[in-house]
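The values are calculated or read from the model by the stated rules, or taken from the named source; none is laboratory data. Every value quoted in this text rests on a predicted model; they were computed, and no experiment measured them. All Cβ positions, glycine included, derive from the backbone under ideal geometry; neighbour counts span all protein chains shown.
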Amino acid sequence: MLALPGGVVHVDEDASTEATVARVLNDKTGFQPRYLEQLQWFSGKHRDARSWSISLAYLALVPVEELEAASPNSFHFYGVDHLPQLAFDHTDIIAAAVSRVRNKSSYSTLPCCLLPEKFTLSQLQATYEAILMTTLEKSNFRRKIEAWDVVEPTEEFLTGAQRPARLYKLKDFMLFGKSFG
C-alpha cells in the first residue's frame, strides 16, 4: 500500500521540525522544497493498527520541472481526485493539504512555488486556474498580478510555434496580495 513519505527526528542532527522535514523529503525523494509549511497534527489510536500514533504533517511545494525530471521508479504521482488507497489516514492529510493550498492561492503568490524560476504570465495564470479550479479572465488576472507588484519581466523570452512570450520572475518570495474574488 502506498504512503506519504515520513521519517523520524534525528535529535543530534535536526535543529527543528522544518529541518527534519527537509532532510526526510530530500532523503526519500531527492527534492528540496521551495516552500515548506507546517500543516496539521494528526493523531489517534485508529490511525495505525500497530499502536496509537501522532504525526506532524507538513506541506511541501516543489516546482513541476523538478518533479518531471525525477526518476519515475522512486515514487508515484496521482491526481488529487484519483488517489489510490493509501496507508493510515494519508488521504485525510492530502485533503487538508489541498484545502490549504487552494485557500492560500486565492490571496498569495503561493502558486509561483510550483513554477520554474522564470515563467510566462500564461503559465502563471494556468497554475492559478488549476489550483483554484476556475477560469480567470486574462486581462483581469494580469491587472491583479500587476497591482500586486509581485513579478518583474526578464530580458528572456520563451520561443516556440507561437509568438515569443516574455519570461517573468517573482520579485519577493511569498508576498501576499488581495483575493482574486
Original post:
Is at least one residue of region 142-163 assigned to a loop (DSSP other than H, G, I, E, B), within 19 Å of the chain's Cα centre (by Cα) and not assigned by TED's automatic domain parsing to the domain that holds Trp41?
Top reply: yes
Original post:
Pick from region 22-55 the residues that are more than 13 Å from Gly6 (Cα to Cα), polar (S, T, N, Q) and within 25 Å of the chain's Cα centre (by Cα): which of them is surrounded by the most Cβ atoms within 10 Å (Cβ to Cβ)?
Top reply: Gln40
**OP:** Go through (1) at pLDDT 95 or above; (2) in a loop (DSSP other than H, G, I, E, B); (3) of a type in the set (Ser, Thr, Tyr) and name the single condition Ser43 misses.
**Re:** (2)
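Table: residues versus (1) in a loop (DSSP other than H, G, I, E, B); (2) over 21 Å from Thr20 (Cα atoms); (3) assigned by TED's automatic domain parsing to the domain that holds Met133.
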{"site": "Ser55", "(1), (2), (3)": "no, no, no"}
{"site": "Glu66", "(1), (2), (3)": "no, no, no"}
{"site": "His76", "(1), (2), (3)": "yes, yes, no"}
{"site": "Gly79", "(1), (2), (3)": "yes, yes, no"}
{"site": "Pro84", "(1), (2), (3)": "yes, yes, no"}
{"site": "Thr91", "(1), (2), (3)": "no, yes, no"}
**OP:** Please identify the pairs in which a residue from region 77-103 that is touching a residue at least 40 places away in the same chain (Cβ under 8 Å) has its Cβ atom under 9 Å from the Cβ atom of a residue that is surrounded by 16 or more Cβ atoms within 10 Å (Cβ to Cβ) and of a type in the set (Lys, Arg), counting only partners at least 6 apart or on another chain.
**Re:** Phe88/Arg47; Asp89/Arg47
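Could you list, in sequence order, all residues of region 12-21 that are surrounded by 18 or more Cβ atoms within 10 Å (Cβ to Cβ) and touching a strand residue (DSSP E or B) at 6+ places or on another chain (Cβ under 7 Å)? If you could, list the steps in order and put the result at the bottom.
Kept after step one, since they are surrounded by 18 or more Cβ atoms within 10 Å (Cβ to Cβ), are these residues of region 12-21: 20-21.
Within region 12-21, just Val21 meets the criteria.
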Original post:
So which of Thr17, Thr29 is touching a Phe, Trp or Tyr at 6+ places or on another chain (Cβ under 8 Å) and modelled with pLDDT of 95 or more?
Top reply: Thr17
Original post:
Can you name the residue in region 111-156 that is surrounded by 13 or more Cβ atoms within 10 Å (Cβ to Cβ) and without any contact (Cβ under 8 Å) to a residue 12 or more places away in the chain and is also farthest from Val80 (Cα to Cα) among such residues?
Top reply: Gln123
**OP:** Would you mind finding the one in Ala130, Ala126, Ala96 that is over 23 Å from Leu39 (Cβ atoms) and modelled with pLDDT of 95 or more?
**Re:** Ala126
